[in-house]
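Data first, discussion second: the structure below is written as structure tokens.
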Amino acid sequence: MKNKIKFKNYLFSTLIILLFMIIMLLIIDKYEYNAYTKNYNNKLNMIVSTIKSKYPNIDDGDIIDIFNNKDINEEFFKQYGIDIEKESVIIENNQLHNKFIIINISFIVILIFILLLVFIKYDFNKDKDIKEITKYIKEINKNNYNIDIDKLSEDELSILKEELYKITVMLKMSSINSLNDKLEVKKSIEDISHQLKTPLTSILIMLNNILDDEDMDENVKKDFLRDIKKEVMKINSLIQILLKLSKFDSNSIEFIKKNNSIKKIILESIKNVSSLSDLKNITINFNIKEDIKINCDYMWEVEAISNIIKNSIEHSYENNKIDILVEKKNTYTSVIIKDYGSGISKTDLPHIFERFYQSKNSNTNNIGIGLCLSKSIIEKDNGKIYVESNNKETKFIIKYF
């Protein structure tokens, strides 16, 4: 903004100089006219005085008529070598004319010189701005994005400056995102390594026991093999969920959205976790007044709701219940999944949807990415998910807008 004002000042200065030049030329022209008029009138006055002295009886009106007579006798002046079309009869006027030509030319030259100085200064500043742009580009190439582009002028360089600013912001954000992505990848690799380390270590120990003890009891061996199978299934589940999350991270999933029955989605989700609910003897109460339609991808929403119900079952006490309520509002449809288990502490609550996060009350077999996947799916279907918890109950509230 500061440089834009500077450019306006240059323009204003130029206009002032031009206006001053016009006024001065008009003043000089007026002065020249007055000088010519005064000189002519003096000569005419001398002619009238001479005529009156020699011809005292001549009428003043006759003299005025002579002055205003349009008939011109050029021959009289030609015999003295005077061309009245090109030069003044009065020699002093010719001298005045030459004098004023010199004055006008000198004045115009001075004004042109001043204008040149103004534009040279402006051009110098513009070149300085271009050098600054070049300098900034070099800094950008060195991955230095902390540059003050606002110092540049905002005249014809404004477009270049604006584009440079956009490129700088874009590169800066790209650099930050790249660094964040690297840190996120590093964290994810550490989390995955940690998740895989325990089951793989258990598998390795059990396999070594089986291999080292040839006389191992068959029942003990079967128990080891069942545990190995359980750990392998856990690893397989982890890999499957990680593959799904990686697809979300890379935006490579194409959701097939259409109007689906929320009742059908929830019933299918309850079916998916029925074996786990039966194991803990947990009753799932599903209450819906009308069959409401939501615009979503059916299969992915079943995945999301299944993970949330599964989480509620894992944190519920045995021989308990889970309530699922659906309500239709003016601007959204809400799904509330409520369990009456161990609850989520206040310290864990803000992190519950983070990848690989496990709360204090989490099951040891819990991977910690199911809720993260559910959140990604729901948001992809234009929804939001919240959680509320105390020591008596935990509510997952989903809103489909």
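The values are calculated or read from the model by the stated rules, or taken from the named source; none is laboratory data. All values derive from a computational prediction rather than experimental measurement. Every residue, glycine among them, receives a Cβ derived from its backbone with ideal geometry; neighbour counts consider all protein chains shown.
Suppose we keep only residues that are within 11 Å of Ile203 (Cβ to Cβ) and among the charged types (D, E, K, R) within the range 213-240. Which one would you say is surrounded by the most Cβ atoms within 10 Å (Cβ to Cβ)?
The selected residue is Glu231.
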Phe100 at pLDDT 65 or above, touching an Asp or Glu at 6+ places or on another chain (Cβ under 6 Å) and not basic (Lys, Arg): yes
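Out of curiosity, is Gly341 within 28 Å of Asn319 (Cα to Cα) and modelled with pLDDT under 85?
Working: within 28 Å of Asn319 (Cα to Cα): yes; modelled with pLDDT under 85: no.
Spelling it out, it is not the case that Gly341 is within 28 Å of Asn319 (Cα to Cα) and modelled with pLDDT under 85.
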Subset of the range 282-315 [surrounded by 17 or more Cβ atoms within 10 Å (Cβ to Cβ), touching a strand residue (DSSP E or B) at 6+ places or on another chain (Cβ under 7 Å) and modelled with pLDDT under 90]: Ile288, His315
Boolean, Ile344 is farther than 13 Å from Leu371 by Cα, in contact with a Gly (Cβ under 9 Å, 6 or more places away or on another chain), crowded, with 17+ Cβ neighbours inside 10 Å and of a type outside the set (Ser, Thr, Tyr): no
Qualifying residue in the range 250-267 (condition: part of a helix (DSSP H, G or I), within 18 Å of Cys372 (Cβ to Cβ) and assigned by TED's automatic domain parsing to the domain that holds Ile352): no
